[in-house]
Amino acid sequence: MTLAVVALALSATACGGQVRMGAAATFADEPRISQADLGTAAEEWQTYYAKHPLDRSILLLPKADSLQGSILAGLIGMRVADQTAEDRGIEVTDAQVDQFIAQLTGGQTARFDQVAMRFGVAPSHSRRFARMLLITDRLSQGAADEDAAVRQVGDAFAASARGMGIKVNPRYGDAYASGVSLGMLYPPVQHLSLPATGTGR
């Protein structure tokens, strides 16, 4: 397996509503992602980046102009991946995650935190990021080519995301971005403060 899985694009519908104080994103049946949670993840990312700096040109942040927006996109994306795996009966074990990380890093597993960092994922979430990549790989199996894999995986994630009632606080900007190589998942856009339009915007 390689990290170059697919680039995903989702659209989803969600119910309208007003901003809940302190929420970065909310879900119909799951705990919200609070602004405090997001701030903690961003601070963790920045601390790790200071110790392991990379040229900004090789970072693959979902939102190049917003670290918190990028981190929020990843946190939502990993939840969508988990829900899609549950919906599709895909099981990814801790042992499989360990094996994937070891293979990708040549046994130097601590290096995977640097891989995840490139996508705006804090070290404490890097195993969930690896799990998301494994789920994405499983969903792409059988596709005729890369374009077909993008559609196949995107359709699966979108189907699950539609039922999750995802809403994003507009202070973090547009949480959706079209494909970036190496396949980070982007969540659908539904601002917490806006009514549903049926298009995910």
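The values are calculated or read from the model by the stated rules, or taken from the named source; none is laboratory data. None of these values were measured; they are calculated from a predicted model. No Cβ is skipped: glycine too gets one built from the backbone with ideal geometry, and neighbour counts run over all protein chains shown. All accessible areas refer to the heavy atoms of the entire protein, side chains included, with ligands and DNA or RNA removed. Shrake-Rupley method; radii C 1.70, N 1.55, O 1.52, S 1.80 Å.
Structure data summary
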| quantity | calculated |
| --- | --- |
| Burial ranking of peptide ranges 67-79, 23-35, 160-172, 39-51 (average Cβ count within 10 Å, highest at the top) | 67-79, 160-172, 23-35, 39-51 |
| Derived scalar couplings ³J(HN,Hα) [the stretch 41-57; Karplus, 6.51 cos²θ - 1.76 cosθ + 1.60; whole Hz; x for Gly, Pro] | 5, 5, 5, 4, 4, 5, 5, 5, 4, 4, 7, 10, x, 10, 4, 4, 5 |
| Between the stretch 113-132 and the stretch 149-172, the alpha-carbon center distance in angstrom | 19 Å |
| Surface per residue (accessible, 1.4 Å probe) for the stretch 26-191, Å² | 45 Å² |
| Karplus 3J(HN,Hα) series, Hz, for the stretch 71-88 with 6.51 cos²θ - 1.76 cosθ + 1.60 (x for Gly, Pro) | 5, 5, 4, x, 4, 5, x, 5, 5, 4, 4, 4, 5, 5, 4, 5, 5, 9 |
| Derived scalar couplings ³J(HN,Hα) [the stretch 92-106; Karplus, 6.51 cos²θ - 1.76 cosθ + 1.60; whole Hz; x for Gly, Pro] | 10, 8, 4, 5, 5, 5, 4, 5, 4, 5, 4, 5, 5, 9, x |
| About the Cα centre, charge dipole magnitude for the stretch 20-144 (Lys/Arg +1, Asp/Glu -1 at Cβ), debye | 280 debye |
| Amide H within-cut-off set for Ser34, under 5 Å, with H built and near neighbours excluded | Ala24 |
